[in-house]
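The next block holds one structure in the form of structure tokens; read it before the comments.
The values are calculated or read from the model by the stated rules, or taken from the named source; none is laboratory data. This is a predicted model, so every value here is computed, not measured. Glycine gets a Cβ as well: all are built from the backbone with ideal geometry, and neighbour counts include every protein chain shown. We work out accessible area using only protein heavy atoms, side chains counted, and drop any ligands, DNA or RNA first. Shrake-Rupley method; radii C 1.70, N 1.55, O 1.52, S 1.80 Å.
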Amino acid sequence: MAELTQAQLLELVNTKKIAPGNPRVRQLTERIVTDLFQTIDELDVTPDEFWAATAWLTRLGAAGQTGLITAGLGFDRLLDIRADEADQKAGREGGTPRAIEGPLFVAGAPTAKVEVRVDEGEPKGEVFVMEGQVLDLDGKPVPHAMVDVWHANEKGGYSHFMPGMQPYELRRRIETDAKGFYRFRSFLPPGYAIPPTGPVAELFAALGRHGQRPAHIHFLVAAPGMRTLTTQVNIPGDSYIDDDFAFATRDGLIVALERNVAPAGYESLGITAPFTRSVFNFVLPRAASEDEALPLTRMERVATPG
Ligand code: BEZ
Ligand code: FE
């Protein structure tokens, strides 16, 4: 019993138990361990390589960069592709495409009714207004939807993650009016880059990859009875638009920009000179279950008991 072949060891690891445990966790663990045993054997992974990988994982967690690597290795987009495929199979096509949430959402942003300045104080870039309606698949307004918006600052950093930024800087929640209208003023943000040092930067250097994202703005759109939408729009003209390290650019999510829009009607947003505008409607399908309408992000969902 003390001497084991690789196959005998794998069998032991995968079958040991003193209680039923969680069958799904047992199933997934068995598959991952089996695949990893096979990888180690077939690729002749050395002990140094193995222990360097575990040290890297420890540093990854300690640096809070897990969410960068899931996006950079395509898992976030994979889950979206799988959700799209499931919709297609179920005949649930249509609506604004979903797009990855990313790891930089922060819950509890200040709320406003119908319109808000997402930026604060002096403009930090090209003055930008995004506006439109939340609609259902028949084009009918969705009243009193909540549009949660967040984006990077002029250096590509996100509040709560970049030192020196104000709490909830560039993060707001906008409740639409009875006709589903929302609008906000901000500035056109630049793209995002992974931190230049740390475990993710090391892996990307070893892979010969960059860690750049094109300019984008995130949204979580929720309304009673409607399926919560997590998405983001891309700003056209960014050189990384088709080369996002997180693979998130999608047709239908690259907004059209109108430049030199006359300021009349936008005074309540502090606009007195020609500015750049994008009109964008969010189209939500009806929720097929209460769960689908929960106004939660990915981490809030897994933090919710039950
Ligand atoms: C972002 O949306 O900025 C982001 C997405 C994935 C990984 C890192 C950042
Ligand atoms: Fe982002």
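Observations
- Test result for residue 105, among the aromatic types (Phe, Trp, Tyr), buried (at least 20 other Cβ atoms within 10 Å of the Cβ), modelled with pLDDT of 95 or more and in contact with a Ser or Thr (Cβ under 6 Å, 6 or more places away or on another chain): yes
- Scope region 256-306; condition among the aliphatic types (A, V, I, L, M) and either assigned to a helix (DSSP H, G or I) or within 22 Å of the chain's Cα centre (by Cα) (or both); matching residues: 256, 269, 279, 283, 284, 287, 293, 294, 296, 299, 302, 303
- Here residue 254 passes the criteria (1) closer than 29 Å to residue 140 by Cβ; (2) more than 13 Å from ligand 1 (Cβ to nearest atom); (3) in contact (Cβ under 8 Å) with a residue 40 or more places away in the chain except the one numbered (3).
- Filter result (charged (D, E, K, R) and in contact (Cβ under 8 Å) with a residue 12 or more places away in the chain) within region 76-99: 76, 77, 80, 84, 92, 98
- Where a residue in region 100-111 is in a loop (DSSP other than H, G, I, E, B) and its partner, wherever it lies, is at pLDDT below 95 and among the acidic types (Asp, Glu), with Cβ under 8 Å and at least six apart: 107/300
- Boolean, residue 130 is under 21 Å from the mean Cα position of the chain (by Cα), within 16 Å of ligand 2 (Cβ to nearest atom) and assigned to a strand (DSSP E or B): yes
- Residue 93 vs. criteria more than 16 Å from ligand 2 (Cβ to nearest atom), in a loop (DSSP other than H, G, I, E, B) and farther than 30 Å from residue 185 by Cα: yes
- Filtering region 13-35 to residues that are of a type in the set (Ser, Thr, Tyr) and open to solvent by 80 Å² or more (accessible area, probe 1.4 Å) leaves nothing.
- Lone qualifier among 246, 262, 287 - being open to solvent by less than 70 Å² (accessible area, probe 1.4 Å), within 16 Å of ligand 1 (Cβ to nearest atom) and not β-branched (Val, Ile, Thr): 246
- Pick from region 120-138, criterion touching a residue at least 24 places away in the same chain (Cβ under 8 Å) and out of contact with any Phe, Trp or Tyr (no Cβ under 9 Å at 6 or more places or on another chain), ranking: surrounded by the fewest Cβ atoms within 10 Å (Cβ to Cβ): 120
- Taking (1) more than 16 Å from ligand 1 (Cβ to nearest atom); (2) farther than 28 Å from residue 122 by Cβ; (3) surrounded by 22 or more Cβ atoms within 10 Å (Cβ to Cβ) in turn, residue 206 satisfies each apart from (3).
- Residues (within 11 Å of ligand 1 (Cβ to nearest atom) and either surrounded by fewer than 22 Cβ atoms within 10 Å (Cβ to Cβ) or closer than 14 Å to residue 182 by Cβ (or both)) located in region 216-229: 217
- Answer from 77, 117, 98 - the residue that is farther than 30 Å from residue 209 by Cα and either open to solvent by less than 60 Å² (accessible area, probe 1.4 Å) or in contact with a Lys or Arg (Cβ under 7 Å, 6 or more places away or on another chain) (or both): 117
- Verdict on residue 38 being modelled with pLDDT of 95 or more, open to solvent by 60 Å² or more (accessible area, probe 1.4 Å) and out of contact with any Ser or Thr (no Cβ under 9 Å at 6 or more places or on another chain): yes
- Candidates are the residues of region 16-73 that are in a helix (DSSP H, G or I) and basic (Lys, Arg); the one that is nearest to ligand 2 (Cβ to nearest atom) is 59.
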